[in-house]
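Q: Questions regarding the structure given below will be posed in turn.
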Amino acid sequence: MRQDFDFRAQRLFVDAELTAGGTLSPTSAQVNYLRNVLRLAAGAEIIVFNGRDGEWSARLHEAGRRAISLEVVRQLRRQESGPDIDYLFAPLKRARLDYMVQKAAEMGVRRLRPVLTRHTIADRVNLERMQANVVEAAEQCGILHLPEIVAPVRLERALAEWRPERRLVFCDEGAEIASPVVALSTLAPGPVAVLIGPEGGFAAEERDALLAHAFVMRISLGPRILRADTAAVAALTLVNAVVGDWR
């Protein structure tokens, strides 16, 4: 748990540059949140961030009956980038996808990359909803970096376009090494990606295609079969602890 973060503080994501003395114009939804949910009055301060310029305090000013402006006052924390981990996943149905996206953002992944597989359940991905879940997770958990959200592609295309300097950790119950910690400890420092398949698992030809690439490493997630959203949390925890920024 961070010792320099006040978990009672209210944080607001803003899509604008942050510099001392700058002025922000909150959206109508944010104005409603500041006025009617938080019940902040003129002169109150709130924490703002944009995923690029660190974390700042901002002072609220009235700008008419229905408008508010925020004056950027001072920087509280410098920008952090987080670990260089891409998270690839077969999309799930709505509520479970929301959960998985939020947890991946909390884990500090650099990118969220949906991949479509033979047994993928959800055939559509709402990227705007994913972005909203990322922002919500960041606002609540003190995260400064928001993962990039990449448009979904077929697994075959993702593999064909892969840059081999980024190792791809493939979560597979058939992995030769039973301990995922032992398997991950063989990874050299550098960019990494984690791949979680659909509820029905990968098709045989997809597993063969994955294992045909030298940049792919498969790890086990233990003796029990995990749901895809649970597997995401387990895998990202392991990768962060062994090769990420939890060391």
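Q: Only residues that are assigned to a loop (DSSP other than H, G, I, E, B) and of a type outside the set (S, T, N, Q): list them for segment 126-148, please.
A: Matches in segment 126-148: G142, I143, L144, H145, L146, P147.
Q: Which count do you get for residues in segment 127-146 that are of a type in the set (A, V, I, L, M), closer than 23 Å to A9 by Cα and either in contact with a Lys or Arg (Cβ under 6 Å, 6 or more places away or on another chain) or open to solvent by less than 10 Å² (accessible area, probe 1.4 Å) (or both)?
A: Selection size over segment 127-146: 4.
Q: How many residues are more than 14 Å from E17 (Cα to Cα) and surrounded by fewer than 20 Cβ atoms within 10 Å (Cβ to Cβ) if we restrict to segment 48-67?
A: Count: 8.
Q: If A214 passes every condition in (1) surrounded by fewer than 17 Cβ atoms within 10 Å (Cβ to Cβ); (2) in contact with a Ser or Thr (Cβ under 7 Å, 6 or more places away or on another chain) but one, which one does it miss?
A: Looking at each condition in turn, A214 falls short on (2).
Q: Restricting to segment 69-80, give me the number of residues that are over 20 Å from the mean Cα position of the chain (by Cα), in contact (Cβ under 8 Å) with a residue 40 or more places away in the chain and open to solvent by 10 Å² or more (accessible area, probe 1.4 Å). Write out each step before concluding.
A: Initially, segment 69-80 is screened for residues over 20 Å from the mean Cα position of the chain (by Cα), giving 69-76.
Subsequent filtering for residues that are in contact (Cβ under 8 Å) with a residue 40 or more places away in the chain retains 69-75.
Now drop any that are not open to solvent by 10 Å² or more (accessible area, probe 1.4 Å), which leaves 69, 71, 73-75.
Count: 5.
Q: Moving to a separate point now. Out of all the residues in segment 217-232, which are open to solvent by 40 Å² or more (accessible area, probe 1.4 Å) and part of a loop (DSSP other than H, G, I, E, B)?
A: L221, P223, R224, I225, L226, R227
Q: Among the listed residues I143, I149, I196, identify the single one that is hydrophobic (A, V, I, L, M, F, W, C), modelled with pLDDT under 95 and under 15 Å from L97 (Cβ atoms).
A: I196
Q: So, one more: Is segment 112-126 home to any residue that is surrounded by 15 or more Cβ atoms within 10 Å (Cβ to Cβ), touching a strand residue (DSSP E or B) at 6+ places or on another chain (Cβ under 7 Å), of a type in the set (D, E, K, R) and over 30 Å from T19 (Cα atoms)?
A: Checking segment 112-126: at least one residue is surrounded by 15 or more Cβ atoms within 10 Å (Cβ to Cβ), touching a strand residue (DSSP E or B) at 6+ places or on another chain (Cβ under 7 Å), of a type in the set (D, E, K, R) and over 30 Å from T19 (Cα atoms).
Q: Quick test of your reading of the structure: D123 fulfils all but one of (1) under 16 Å from A232 (Cβ atoms); (2) among the acidic types (D, E); (3) not in a helix (DSSP H, G or I). Name the failing condition by number.
A: (1)
Q: Across segment 196-209, which residue is surrounded by the most Cβ atoms within 10 Å (Cβ to Cβ) among those that are under 26 Å from the mean Cα position of the chain (by Cα) and of a type in the set (G, A, S)?
A: Ranking the candidates gives G197 first.
Q: Among the residues of segment 149-169, are any outside any loop (DSSP other than H, G, I, E, B), open to solvent by 20 Å² or more (accessible area, probe 1.4 Å), of a type in the set (V, I, T) and in contact with a helix residue (DSSP H, G or I) (Cβ under 9 Å, 6 or more places away or on another chain)?
A: Narrowing segment 149-169 to residues outside any loop (DSSP other than H, G, I, E, B): 149, 153-160, 167-169.
Next, only the ones that are open to solvent by 20 Å² or more (accessible area, probe 1.4 Å) stay: 149, 153-154, 156-157, 160, 167.
Okay, now just the ones that are also of a type in the set (V, I, T), so 149, 153.
Checking the rest, the ones that are also in contact with a helix residue (DSSP H, G or I) (Cβ under 9 Å, 6 or more places away or on another chain) come to 149.
Checking segment 149-169: at least one residue is outside any loop (DSSP other than H, G, I, E, B), open to solvent by 20 Å² or more (accessible area, probe 1.4 Å), of a type in the set (V, I, T) and in contact with a helix residue (DSSP H, G or I) (Cβ under 9 Å, 6 or more places away or on another chain).
Q: Could you identify the single residue in A241, A235, A175, A193 that is surrounded by 15 or more Cβ atoms within 10 Å (Cβ to Cβ) and part of a helix (DSSP H, G or I)?
A: On the way: A241 fails: surrounded by 15 or more Cβ atoms within 10 Å (Cβ to Cβ); A175 fails: part of a helix (DSSP H, G or I); A193 fails: part of a helix (DSSP H, G or I).
Only one candidate qualifies: A235.
The values are calculated or read from the model by the stated rules, or taken from the named source; none is laboratory data. As the structure is a computational prediction, the values presented were derived from the model and not from experiment. Don't worry about glycine lacking a Cβ; one is built from the backbone with ideal geometry, like all the others, and counts go over all protein chains shown. SASA here: full protein model, heavy atoms, side chains in, ligands and nucleic acids out. Shrake-Rupley method; radii C 1.70, N 1.55, O 1.52, S 1.80 Å.
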